[in-house]
1. Does ALA200 count as of a type in the set (Gly, Ala, Ser) and either more than 16 Å from the ligand (Cβ to nearest atom) or surrounded by fewer than 18 Cβ atoms within 10 Å (Cβ to Cβ) (or both)?
2. Among what's in region 245-270 and is under 22 Å from TYR183 (Cβ atoms) and among the charged types (D, E, K, R), pick the residue that is surrounded by the fewest Cβ atoms within 10 Å (Cβ to Cβ).
3. Go through the residues of region 289-297 one by one and say whether even a single one is surrounded by 18 or more Cβ atoms within 10 Å (Cβ to Cβ) and either under 21 Å from the mean Cα position of the chain (by Cα) or β-branched (Val, Ile, Thr) (or both).
4. Specify the residue that is farthest from the ligand (Cβ to nearest atom); the eligible residues are those in region 314-327 that are hydrophobic (A, V, I, L, M, F, W, C) and surrounded by 19 or more Cβ atoms within 10 Å (Cβ to Cβ).
5. What do you reckon, is ASP256 within 24 Å of ASN185 (Cα to Cα), touching a residue at least 12 places away in the same chain (Cβ under 8 Å), of a type in the set (Asp, Glu) and in contact with a Cys (Cβ under 9 Å, 6 or more places away or on another chain)?
6. With the structure loaded, tell me whether LYS266 is within 16 Å of the ligand (Cβ to nearest atom) and either part of a loop (DSSP other than H, G, I, E, B) or in contact (Cβ under 8 Å) with a residue 12 or more places away in the chain (or both) or whether it fails that test.
7. May I ask you to verify whether ALA217 is surrounded by fewer than 22 Cβ atoms within 10 Å (Cβ to Cβ), near the ligand (Cβ under 10 Å from one of its atoms), among the aliphatic types (A, V, I, L, M) and at pLDDT 95 or above?
Amino acid sequence: MRLHRNLVFAVIDALKAIFDENKYADKEIAKALKRDKRWGSRDRSFIAETTYDIVRWKRLYAEIADVKEPFSRPNLFRLFAVWATLRGIELPDWKQLEETPTRRIKGRFDELNKTRKYRESIPDWLDKLAIEELGEEKWTKEIAALNKQAPVVLRANTLKNSKTALKDKLFKENIETHTVKGYKNALILEERANVFSTEAFKYGSFEVQDASSQLVAEFLDVKPGMRVVDTCAGAGGKSLHLAALMENKGLIISLDIYENKLKELKRRAKRAGAHNIETRTIDTTKVVKKLYGTADRVLIDAPCSGLGVLRRNPDAKWKLQPEFIDEIRKTQAEILDRYSKIIKEDGKLVYATCSILPSENQKQVKAFLERESGKDFMLTNEKIILSHESGYDGFYMALLEKRK
Ligand SMILES: C[S@@+](CC[C@H](N)C(=O)[O-])C[C@H]1O[C@@H](n2cnc3c(N)ncnc32)[C@H](O)[C@@H]1O
């Protein structure tokens, strides 16, 4: 592989913003990709993948390069030199890469590889917390899986086409996919590609959605004609799936505390041809209270640490703080107490997160069932999805039924 100066500079600029200015990796990468319209798909994937790689392995690479944050530009080039050396890429004779100690890099890598917190590049507090929650054996396997690059998974939008029809459509646009057992509407890309530029995407034939995430709406057991409330709808990944499962019949009320996310949901719903979704911003407590006792089904896709989706958001390893996880657990408990009241008698509720920590998942549900607010509910099904077992994102979902 030959390294191109413009592409490497784009990576360095993105890393500077992510590491030193605390910006989000996905946003900075999107910005970097807009810099030159002439860049082709290989150039673009070099920028995206290299940036994500260096974000993912920040602690390991910084230790090998012996550099500390905040990173100066010369130090960011040192991190890049570590990345390139470990991949066996020949370094060009640019002044920024002069005197890279190639042999020493390989030696340090072998040495640090023996210790999990360096090998998997994780902060000490996270390593400690995850061992307490999952046990060392499970965590060691899980973090190794969460450090891999995620496959691109699509969900066929059955309001527009079947999975088989979508597969054919994409094939005609030179995108090859395969199906996976156990995931009704999922197609996995054989090779990474910019699916957003396809005609199939513009027509609303699919959404990009991880396979584990695709299990959540199905878990809620919705039927056409039902009244469903998606309480933490965000930009609508699950609402859109619910609309498809309900064949556009009945009503989905999608709530969130952020109006801008719901605006994006509406835009996506239009493209997907989902006509039974109504959005409401939770700007006062009244919005939720008005819904008490009205829904056949409620989805709580709760805000969480996001530790199950580190493959997609590796910068979360560095942005997450233990205090945030403490706070989010309190929010999850409050949300369960308040939003469970939206359910009618005999109705069903799904509580889901994209976290792998029992304290945000099964323990949260258990505590809810023991509180006054949960006394009428019964846990009838539960899925604990770990990335090293499923091959997809880490997720949790619990199905609760309201008794008479
Ligand atoms: C896991 S994300 C939802 C993802 C979304 N359901 C999807 O499938 O694309 C959690 C969402 O909860 C929202 N949220 C945070 N606190 C909330 C609250 N108190 N009430 C409702 N929504 C909340 C966040 O804005 C975020 O969009």
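The values are calculated or read from the model by the stated rules, or taken from the named source; none is laboratory data. For clarity, every value in this text was computed on a predicted model and none was experimentally measured. Positions of Cβ are backbone-derived with ideal geometry, glycine not excepted, and every protein chain shown enters the neighbour counts.
1. Yes: the conditions hold for ALA200.
2. GLU247
3. So the first thing to find is which residues in region 289-297 are surrounded by 18 or more Cβ atoms within 10 Å (Cβ to Cβ), and the list is 291, 295-297.
Retained after the next criterion (residues that are either under 21 Å from the mean Cα position of the chain (by Cα) or β-branched (Val, Ile, Thr) (or both)): none.
No, region 289-297 has no match at all.
4. Among residues in region 314-327 that are hydrophobic (A, V, I, L, M, F, W, C) and surrounded by 19 or more Cβ atoms within 10 Å (Cβ to Cβ), the one farthest from the ligand (Cβ to nearest atom) is TRP318.
5. On the way: within 24 Å of ASN185 (Cα to Cα): no; touching a residue at least 12 places away in the same chain (Cβ under 8 Å): yes; of a type in the set (Asp, Glu): yes; in contact with a Cys (Cβ under 9 Å, 6 or more places away or on another chain): yes.
The answer is no for ASP256.
6. Values: within 16 Å of the ligand (Cβ to nearest atom): yes; either part of a loop (DSSP other than H, G, I, E, B) or in contact (Cβ under 8 Å) with a residue 12 or more places away in the chain (or both): yes.
Yes: the conditions hold for LYS266.
7. On the way: surrounded by fewer than 22 Cβ atoms within 10 Å (Cβ to Cβ): no; near the ligand (Cβ under 10 Å from one of its atoms): yes; among the aliphatic types (A, V, I, L, M): yes; at pLDDT 95 or above: yes.
So ALA217 fails the test.
Condition check ((1) outside any loop (DSSP other than H, G, I, E, B); (2) among the hydroxyl-bearing types (Ser, Thr, Tyr); (3) closer than 12 Å to ASP230 by Cα; (4) more than 10 Å from the ligand (Cβ to nearest atom)) across all residues:
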site	(1), (2), (3), (4)
GLU278	yes, no, yes, yes
ARG312	no, no, no, yes
ASP337	yes, no, no, yes
LEU349	yes, no, yes, yes
